[in-house]
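**Student:** Could you have a look at this structure, given as structure tokens, before my questions?
Bear in mind that the values in this text are calculations on the coordinates, not laboratory data. All of these numbers come straight from a predicted model, not from anything done at the bench. We place every Cβ from the backbone using ideal geometry, glycine too, and count neighbours over all the protein chains shown.
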Amino acid sequence: MEIPCSEDYDSHKRFAGCTPRKCGRGVTDAVITREEAERIRRIAERGLSLGGSDGGASILDLHSGALSLGKHFVNLYRYFGDKIQDIFTEEDFALYRDVRQRIQQRIAQVFGISPSAMYLTKPTFFSRMNSTGAKTAHDEYWHPHVDKVTYGSFDYTSLLYLSDYSKDFGGGRFVFMDADSNKTVEPRAGRVSFFTSGSENLHRVEKVQWGTRFAVTISFSCDPAHGIADPLLG
Ligand SMILES: O=C(O)CCC(=O)C(=O)O
Ligand SMILES: [Fe+2]
């Protein structure tokens, strides 16, 4: 679905063949299989089981190593050192990379840009949400926001869902807050939701009412200076 771009992109340097000229959003169940999503979810579960927020939202960023722990974050790679190789395997990282590349290709295709002009950017992270009350501001995932404003470097945001709305958790739907009406995306394992990151796509996540919701936020910038590498084991 195409929507007019907001002016958010005007205050940043423009990159030909990438910076959104056509804005919009899309949802697909055809890029990542349910089985792949389940494998990715097990990676997220394994990593997040080593930490976890005291409140309802925990994150694990495989790129920076940031892992929620209590009311703070620790660096998983520093904390676990070489033991990280007992937690994640080369296959886990290969799958993560492959999934990231396929999502990148789909976004490029839909928006008519070149996948090689898009750079993975930070933060790109797994999230685990449940109905536990917030203990710090980091747990408050439900606020309406614009990714480009919140995170700066984002031009295209994608969300890969790893669990099913109404089966694994209740609440927790994703909502685009449009002027005329809201549009909701129901998370489902393997579903990819992607959109341009400016104010044309103001959004929020409903509070999770029960169960546990896993997802990955995978983000892209058009600015090579904001690019990050895929995570490496050790
Ligand atoms: O998990 C979701 O559905 C959305 C998360 C989100 O809005 C974000 O990471 O910026
Ligand atoms: Fe967001």
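**Student:** Please go through the range 131-151 and pick out each residue that is more than 10 Å from ligand 2 (Cβ to nearest atom) and either surrounded by 22 or more Cβ atoms within 10 Å (Cβ to Cβ) or without any contact (Cβ under 8 Å) to a residue 40 or more places away in the chain (or both).
**Tutor:** 137
**Student:** Working only within the range 49-58, note down all residues that are touching a strand residue (DSSP E or B) at 6+ places or on another chain (Cβ under 8 Å) and buried (at least 21 other Cβ atoms within 10 Å of the Cβ).
**Tutor:** 53, 56, 57, 58
**Student:** Right, another one. Would you point out the residue of the range 157-215, among those that are basic (Lys, Arg) and in contact with a Gly (Cβ under 7 Å, 6 or more places away or on another chain), that is nearest to residue 127 (Cα to Cα)?
**Tutor:** Ranking the candidates gives 213 first.
**Student:** Further question: In the set 85, 104, which member is away from ligand 1 (no atom under 16 Å from the Cβ), within 17 Å of the chain's Cα centre (by Cα), of a type outside the set (Lys, Arg) and at negative phi?
**Tutor:** 104 is the lone residue from the list that is away from ligand 1 (no atom under 16 Å from the Cβ), within 17 Å of the chain's Cα centre (by Cα), of a type outside the set (Lys, Arg) and at negative phi.
**Student:** Would you be able to say whether some residue in the range 29-42 is assigned to a loop (DSSP other than H, G, I, E, B) and not hydrophobic (A, V, I, L, M, F, W, C)?
**Tutor:** Yes, there is a match, as at least one residue in the range 29-42 is assigned to a loop (DSSP other than H, G, I, E, B) and not hydrophobic (A, V, I, L, M, F, W, C).
**Student:** Let me ask something else. Residues being surrounded by 22 or more Cβ atoms within 10 Å (Cβ to Cβ) and within 11 Å of ligand 1 (Cβ to nearest atom): count how many of those fall in the range 166-191.
**Tutor:** 3
**Student:** Another question about this same structure. Looking only at the range 137-157, count how many residues are more than 8 Å from ligand 1 (Cβ to nearest atom) and either of a type in the set (Asp, Glu) or touching a strand residue (DSSP E or B) at 6+ places or on another chain (Cβ under 6 Å) (or both).
**Tutor:** 8
**Student:** Go through the residues of the range 60-76 one by one and say whether even a single one is small (Gly, Ala, Ser), more than 25 Å from residue 231 (Cβ to Cβ) and touching a strand residue (DSSP E or B) at 6+ places or on another chain (Cβ under 6 Å).
**Tutor:** No.
**Student:** Sticking with this one: With the structure loaded, tell me whether residue 173 is within 16 Å of ligand 2 (Cβ to nearest atom), under 23 Å from residue 34 (Cα atoms) and within 15 Å of the chain's Cα centre (by Cα) or whether it fails that test.
**Tutor:** The answer is yes for residue 173.
**Student:** Still on this model: Looking only at the range 93-130, filter to residues that are touching a strand residue (DSSP E or B) at 6+ places or on another chain (Cβ under 6 Å), among the β-branched types (Val, Ile, Thr) and surrounded by 19 or more Cβ atoms within 10 Å (Cβ to Cβ); which one of those is nearest to residue 72 (Cα to Cα)?
**Tutor:** Looking at the filtered set, the residue picked out is 124.
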